[in-house]
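Q: Encoded as structure tokens, here's the structure I'll be asking about.
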Amino acid sequence: MKKIQAIRGVNDLLPEQSVRWQYLEKTVADCVASYGYQEIRFPIVESTDLFKRSIGEVTDIVEKEMYTFDDRNGDSITLRPEGTASCVRACEQHGLLYNQTQRLWYTGPMFRYERPQKGRLRQFHQIGVEAYGMPGPDIDAELLLLTASLWRQLGILDALTLEINSLGSNAARESYKAALVDYLSERKDQLDEDSQRRLDSNPLRILDSKNPDTQKLLDAAPSLSDYLDDESRSHFEQVQRLLTEAGVPFKVNPRLVRGLDYYSKTVFEWVTDKLGAQGTVCAGGRYDGLIEQLGGKPNTAVGFAMGVERLILLLEALDKFPGSLPNAADIYIVAASNDANAAQCAAANMAERVRAELPGCRVVNHCGGGSFKSQLKKADRSGAAFALILGDQELEQAKVLMKPLRGQGEQQLLDQVDLVSALSNALES
């Protein structure tokens, strides 16, 4: 019978990898909490209209990449391709945006049908941060300072470059879009096929074309900065000042646009040259019009998302994972006695006692039998610092042998009543 394999572009996460993910996720959770952000969780599936209305029906995501299907009631539902729209929907549905500000973050899988490659999967994971009800440039800068702080904690700040731009107000952007379309329409035959298609549907995306001929053509194109309204220009200048005062270096990239329709004013990306073509590890910006676009009252919003897979790849490429990431166990209990049933009972009781009296201590109780030698080998492979050994002699005398598995410490024969205090001292040293 043919074995069933994972779907292409949807990867498993094995135990030796998950410990690295846990390290990243905990570092992120601690960092965002230090800035006062609270976690929100929302469903993986949403109404298809949510993403059509927010992302835009003529974007690549909606046209080509969404996993969309009808449920048994005939309703069109979609596996979420990004988190911002879901976050807005959840906040609106539960009244979180009424006369109040919110600082929120989330994490989880997203889904897009793309050609799988390193750093780009069909099921991928994002960590998102969103802030609502704060219209000024200070919150834009706060998100950028937060990300810089996170990169510093992870040891990867020097490998990342912050690029920022302003898309201006909706009205200013529409004026610029019209000028750009006029310019490019006269040179349409010089555009690559993808840019020709975008000229009618999403012309701003032509600005970040990877085609060198198209980029050269854009050198003489109208500049978005020339169309900024005074308020957007002042807003962007203050963002830059706040970053400069905080010592966070950045580069203004006048061709930086985001791939989703809902962005306005500040947009940004953190990019690296250490991952080849998949160089963007974090991106976002301000999206003040999205809440009203989804049926809510006008409100301000800004946020970003970072790709977990790409961050993991970057940490691996730079060898930035700590050398002491936790193993599966601190303690491994070996029970090898002629009276197997009695040994199993004693070992199980001892494991429960240690877990109860030393909260956070990871105790693996050997199950499945086997010789003393084979059990000790498994104890060593578990990565535990100590093995607790229960043999015939130990069971008869209500004792336990504590054997160090790492380093050169001496093994000790302990009364079982003294075990927890001895373990606590040994694990701390």
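Q: Looking at the structure I just gave you, is residue 23 more than 23 Å from residue 304 (Cβ to Cβ), of a type in the set (Ser, Thr, Tyr) and not in a strand (DSSP E or B)?
A: Values: more than 23 Å from residue 304 (Cβ to Cβ): no; of a type in the set (Ser, Thr, Tyr): yes; not in a strand (DSSP E or B): yes.
So residue 23 fails the test.
Q: Next question. Looking only at region 70-82, decide whether some residue is touching a residue at least 40 places away in the same chain (Cβ under 8 Å) and of a type outside the set (Val, Ile, Thr). If you could, list the steps in order and put the result at the bottom.
A: Keep residues of region 70-82 that are touching a residue at least 40 places away in the same chain (Cβ under 8 Å), which gives 82.
Applying the additional criterion that residues be of a type outside the set (Val, Ile, Thr) yields 82.
Yes, that holds for at least one residue.
Q: Can you tell me which residue is surrounded by the most Cβ atoms within 10 Å (Cβ to Cβ) among those in region 13-45 that are farther than 26 Å from residue 147 by Cβ and at pLDDT 95 or above?
A: Out of the qualifying residues, it is 45.
Q: Can you work out which of the residues in region 136-155 that are in a helix (DSSP H, G or I) and not hydrophobic (A, V, I, L, M, F, W, C) is surrounded by the most Cβ atoms within 10 Å (Cβ to Cβ)?
A: Kept after step one, since they are in a helix (DSSP H, G or I), are these residues of region 136-155: 137-154.
If we keep only those that are not hydrophobic (A, V, I, L, M, F, W, C) too, we end up with 137-138, 140, 142, 147, 149, 152-153.
Working: 137: 22, 138: 11, 140: 28, 142: 20, 147: 24, 149: 17, 152: 13, 153: 14.
In this case the residue turns out to be 140.
Q: Taking residue 334, is it farther than 25 Å from residue 26 by Cα and among the β-branched types (Val, Ile, Thr)? Give the derivation first.
A: Numbers: farther than 25 Å from residue 26 by Cα: yes; among the β-branched types (Val, Ile, Thr): yes.
Yes; evaluated as a whole, the condition is true for this residue.
Q: Those residues that are touching a strand residue (DSSP E or B) at 6+ places or on another chain (Cβ under 7 Å), part of a loop (DSSP other than H, G, I, E, B) and within 20 Å of residue 129 (Cα to Cα), I need them from region 258-278; list them, please.
A: Initially, region 258-278 is screened for residues touching a strand residue (DSSP E or B) at 6+ places or on another chain (Cβ under 7 Å), giving 258, 263-272, 278.
Now drop any that are not part of a loop (DSSP other than H, G, I, E, B), which leaves 258, 263, 272, 278.
The answer is 258, 263.
Q: Now for a separate question. Filter region 313-330 for residues that are at pLDDT 95 or above and open to solvent by less than 10 Å² (accessible area, probe 1.4 Å); which is farthest from residue 419 (Cα to Cα)?
A: Only one residue fits best here, namely 314.
Q: Among the residues of region 50-68 satisfying the criterion of being at pLDDT 75 or above and open to solvent by less than 60 Å² (accessible area, probe 1.4 Å), which is farthest from residue 89 (Cα to Cα)? Steps first, please.
A: The first filter runs over region 50-68 and keeps only residues at pLDDT 75 or above, leaving 50-55, 64-68.
From the residues that got through so far, the ones that are open to solvent by less than 60 Å² (accessible area, probe 1.4 Å) too are 50-51, 54-55, 65-66.
Working: 50: 8, 51: 10, 54: 10, 55: 13, 65: 21, 66: 18 Å.
Across region 50-68, the extreme among qualifying residues is 65.
Q: If you go through region 90-109 one residue at a time, do you hit one that is under 28 Å from residue 206 (Cβ atoms) and either outside any loop (DSSP other than H, G, I, E, B) or over 15 Å from the mean Cα position of the chain (by Cα) (or both)? Quick ask: steps written out before the conclusion?
A: Residues of region 90-109 under 28 Å from residue 206 (Cβ atoms): none.
Taking every residue of region 90-109 in turn, none turns out to be under 28 Å from residue 206 (Cβ atoms) and either outside any loop (DSSP other than H, G, I, E, B) or over 15 Å from the mean Cα position of the chain (by Cα) (or both).
Q: Quick one: would you say residue 198 is free of Cβ contacts under 8 Å to residues at least 60 places away in the same chain, buried (at least 17 other Cβ atoms within 10 Å of the Cβ) and either closer than 21 Å to residue 145 by Cα or within 32 Å of the chain's Cα centre (by Cα) (or both)? Write out each step before concluding.
A: Values: free of Cβ contacts under 8 Å to residues at least 60 places away in the same chain: yes; buried (at least 17 other Cβ atoms within 10 Å of the Cβ): yes; either closer than 21 Å to residue 145 by Cα or within 32 Å of the chain's Cα centre (by Cα) (or both): yes.
Judged against the criteria, residue 198 is a match.
Q: So, residue 344, is that one farther than 21 Å from residue 19 by Cβ, open to solvent by 80 Å² or more (accessible area, probe 1.4 Å) and either touching a residue at least 60 places away in the same chain (Cβ under 8 Å) or not hydrophobic (A, V, I, L, M, F, W, C) (or both) or not? If you could, list the steps in order and put the result at the bottom.
A: Numbers: farther than 21 Å from residue 19 by Cβ: yes; open to solvent by 80 Å² or more (accessible area, probe 1.4 Å): yes; either touching a residue at least 60 places away in the same chain (Cβ under 8 Å) or not hydrophobic (A, V, I, L, M, F, W, C) (or both): yes.
Judged against the criteria, residue 344 is a match.
Q: Inside region 226-251, can you point out the residues that are in contact with a Ser or Thr (Cβ under 7 Å, 6 or more places away or on another chain), outside any helix (DSSP H, G or I) and open to solvent by less than 40 Å² (accessible area, probe 1.4 Å)?
A: Residue satisfying the conditions is 228 alone.
Q: Of the conditions (1) more than 15 Å from residue 23 (Cα to Cα); (2) surrounded by fewer than 19 Cβ atoms within 10 Å (Cβ to Cβ), residue 365 satisfies every one except a single condition; which number is it?
A: For residue 365, the exception is condition (2).
Q: Hey, another quick one. What pairs can you find where one residue is in region 90-115 and farther than 20 Å from residue 51 by Cβ, the other is charged (D, E, K, R) and loosely packed, with under 15 Cβ neighbours inside 10 Å, and their Cβ atoms are less than 9 Å apart, with a gap of 6+ or different chains?
A: From region 90-115, the pairs are 98/297; 105/39.
Q: Right, next: Which pairs turn up if I take residues in region 275-291 that are in contact (Cβ under 8 Å) with a residue 40 or more places away in the chain and under 20 Å from residue 54 (Cβ atoms) and look for partners that are open to solvent by 30 Å² or more (accessible area, probe 1.4 Å) and charged (D, E, K, R) with beta carbon separation below 8 Å, at least 6 apart in sequence or on another chain?
A: What qualifies is 284/258; 285/258; 291/92; 291/297.
Q: Would you mention how many residues in region 76-120 are closer than 18 Å to residue 284 by Cα and hydroxyl-bearing (Ser, Thr, Tyr)?
A: The number of residues fulfilling the criteria is 4.
The values are calculated or read from the model by the stated rules, or taken from the named source; none is laboratory data. Because the structure is a prediction, the values reported are computed rather than measured. Neighbour counts are summed over all protein chains in view; Cβ atoms, including those assigned to glycine, are modelled from backbone coordinates with ideal geometry. Areas reflect the complete protein model, heavy atoms only, side chains present, ligands, DNA and RNA absent. Shrake-Rupley method; radii C 1.70, N 1.55, O 1.52, S 1.80 Å.
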